[in-house]
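Presented below is the structure to which this report refers.
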Amino acid sequence: MKRLNHLSATLLLAASAVLSVPAFAAPAGPHSKLSDDLLRARAGAGELPVIVQYNNAPDDASDSKLSRIGGRSGRHLQSLRAVSSMVPSDSLESLESDPNVKHVSLDHPLGARGAASTSIATTAEYTTDPINAPAVWAKGYTGAGIGVAVIDSGINSSADFYVSPVLGAVTNSGGTMLPGSRIVYSQSFVPNEASITTDAFGHGTHVAGLIAGNGINSTGPAFTRTFKGVAPSVQLINLRVLDENGVGSDSAVIQAIDTAISLRSKYNIRVINLSLGRPIWETYADDPLCQELEKAWKAGIVVVVAAGNEGRDLALNTEGYGTIEAPGNDPYVLTVGAVRTMGTAVNTDDAMASYSSKGPSFLDHISKPDLVAPGNLVTSVLNYTSNLRTDNPTFFTPYSFYTYSNSNKPSNFYMPLSGTSMATGVVSGAVALLLQASPASTPDQLKAFLMLSANHDVLPQQSSVTDATSGMTYLDYADVFTTGAGYLDVSATLTALRSGTPLPNGTAMSPVAIYDSDSGNVTLVADQTALWGSTALWGASNVYGSSAFNAMSGQTALWGATALWGANDPAGFTALWGATALWGAGTPAAATALWGADGVDASTALWGASSLTGSTALWGASTPSDR
């Protein structure tokens, strides 16, 4: 059996240091307006899908210029002042010469990834109990009045998405005479499928159930367990961007976010859930998807994003570090990793899911994830006709998991899935509860309180999972790049919000990891406008907890002098921080090694053997130990 060595070095914390620009933005050059992967992709290409960001809002004149160089305009992305277009590869210089053009990026594919597997759930895992949601419900907060935009593969109608009888509505146990769906708005951004807002893939319905399911299909005297979402009274805004295979594009997601911003007041949209992602190809400051998320954040919407499911990736010997996916690399948003709950309602035996992506982020070195939540083999609402169900017959919840029956037949109403997608839905529901209790809170304030109140100590300092097929053992450490600030505790966050503690001012931008080659130290550095370190309460040792650093140093002091990356594994250290490797000067080569050879379509190195949908890591299915 091969065991991964833990990378080692010194991590120091300097939250008072100042950053005024992205830490590792690419220097200006002859093609400073064109992303590096776009320049690489144009070789031998005819047309390329691009997103053009403008300094001033695009208008008819901008469209005319695009048309003259052979561009075919697709979508106007209003909040971003951008346009998606198909452009001849030999016309990129003409586009770049336009003084109104700010930046041009590839319109990347993205999606929810999953593949067939033989993994079978042996117990119904937990989502609401480990994060102490029932204690918040007992205080009267169930997310009522809050709108959550689910940007995903669509949401299928289910009794679990109607107004719940346990919350005061009148209905019957047979599911008829339901008073009304809580899916209050639906729209599709999938090309050529504008009229189809239902969920052919099944992922969006599952995520929505983790956010908002009321559990009506598992409530009553015949049931031993109720599968309820974290915020069972929220309104759902269904914005479909992924097709029947779980694949979409940056421009579709950006248009959906634009729509959520425009509908914010009408449906009180306070949360956007993005359980999707793709590789990082450029700094977040240029990436149009990240920049669009920041527009929503600054409009008062909390954006919750999956960290990614590539923590088992061994490219460049980084041992899963540096695999955060876009747009979870953006420092403003709340980025979520996944925990496995070990089949119990308590969190004291929980551990990290080995596939959960780890920071810091590629190119910008943003410290991510921000926190972690249950996401492994968790049961939620099933779309019975979805591709996920038909293509993965072993992904099922038997009736014996939640009824008095001993039947092992698959449920018609629920199924288990794994991934940071699922953990993201759990956190979005928690945010909705907190916004009902504290509606004046800003996205930055909510993020700060969630991180400050996260459980810093419950996860083990080290955990492992052994792949039954390969024999590989994957190690996780409770360090800042694996668990972020810690394990979500929504009850503790509510207590902090209601304690009279002054709401912090400033941003809650995630800090940047800086490597000093002279000292061998890695330092977390906060933006000058960030609240971290502004007072003792909001100092990083309180927000992240000393254990996040102790796990790396092996010492009791925050300022411990030995090891997260360094002498114990010089090869791994060089791979992560060396001058020509993952973070260094050879970033195009590093990107190929990390994300695969094809920068336009699906990469094969990280995402799976054949395609964008080829990864089994999302579903936690490659080993029964990841339960």
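The values are calculated or read from the model by the stated rules, or taken from the named source; none is laboratory data. No experiment lies behind these values; they were computed from the predicted model shown. We place every Cβ from the backbone using ideal geometry, glycine too, and count neighbours over all the protein chains shown.
What the table below lists for this structure:
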item: Some residue of segment 81-90 being among the acidic types (Asp, Glu), farther than 30 Å from ASP489 by Cα and at pLDDT 90 or above; result: yes
item: In segment 199-224, the residues that are part of a loop (DSSP other than H, G, I, E, B), of a type outside the set (Gly, Ala, Ser), in contact with a strand residue (DSSP E or B) (Cβ under 8 Å, 6 or more places away or on another chain) and crowded, with 18+ Cβ neighbours inside 10 Å; result: ASP199, ASN214
item: Residue within segment 295-304 that is surrounded by fewer than 24 Cβ atoms within 10 Å (Cβ to Cβ) and in contact with a helix residue (DSSP H, G or I) (Cβ under 6 Å, 6 or more places away or on another chain) present; result: yes
item: Criterion violated by LYS228 - all others in (1) buried (at least 22 other Cβ atoms within 10 Å of the Cβ); (2) modelled with pLDDT under 95; (3) farther than 26 Å from TRP297 by Cβ satisfied; result: (2)
item: Given (1) over 17 Å from LEU488 (Cα atoms); (2) hydroxyl-bearing (Ser, Thr, Tyr); (3) surrounded by 20 or more Cβ atoms within 10 Å (Cβ to Cβ), index of the condition THR420 fails; result: (1)
item: Hey, VAL303 farther than 27 Å from ALA440 by Cβ and at pLDDT 90 or above or not; result: no
item: Every residue from segment 389-400 that is of a type outside the set (Val, Ile, Thr) and either surrounded by fewer than 24 Cβ atoms within 10 Å (Cβ to Cβ) or at pLDDT 95 or above (or both); result: ARG389, ASP391, ASN392, PRO393, PHE396, PRO398, TYR399, SER400
item: Odd one out for SER164 among (1) of a type in the set (Ser, Thr, Tyr); (2) more than 18 Å from ARG225 (Cβ to Cβ); (3) crowded, with 22+ Cβ neighbours inside 10 Å; (4) modelled with pLDDT under 95; result: (2)
item: Whichever residue in segment 333-344 is of a type in the set (Gly, Ala, Ser) and at pLDDT 95 or above and, among such residues, is farthest from the chain's Cα centre (by Cα); result: ALA338
item: Selected residue [in contact (Cβ under 8 Å) with a residue 24 or more places away in the chain and surrounded by fewer than 24 Cβ atoms within 10 Å (Cβ to Cβ)] from GLY337, GLY343; result: GLY343
item: Candidate set: segment 288-329, residues that are among the acidic types (Asp, Glu) and out of contact with any strand residue (DSSP E or B) (no Cβ under 6 Å at 6 or more places or on another chain); chosen: the one farthest from GLN53 (Cα to Cα); result: GLU319
item: Per-region count, segment 319-358, residues assigned to a loop (DSSP other than H, G, I, E, B) and either hydroxyl-bearing (Ser, Thr, Tyr) or under 14 Å from GLY486 (Cα atoms) (or both); result: 14
item: So LEU19, is it of a type in the set (A, V, I, L, M, F, W, C), at pLDDT 90 or above and either closer than 26 Å to GLY308 by Cα or outside any strand (DSSP E or B) (or both); result: no
item: Condition broken by SER97, with the remaining ones in (1) touching a strand residue (DSSP E or B) at 6+ places or on another chain (Cβ under 9 Å); (2) farther than 30 Å from LEU417 by Cα satisfied; result: (1)
item: Per-region count, segment 71-102, residues over 25 Å from VAL241 (Cβ atoms) and in contact with an Asp or Glu (Cβ under 8 Å, 6 or more places away or on another chain); result: 2
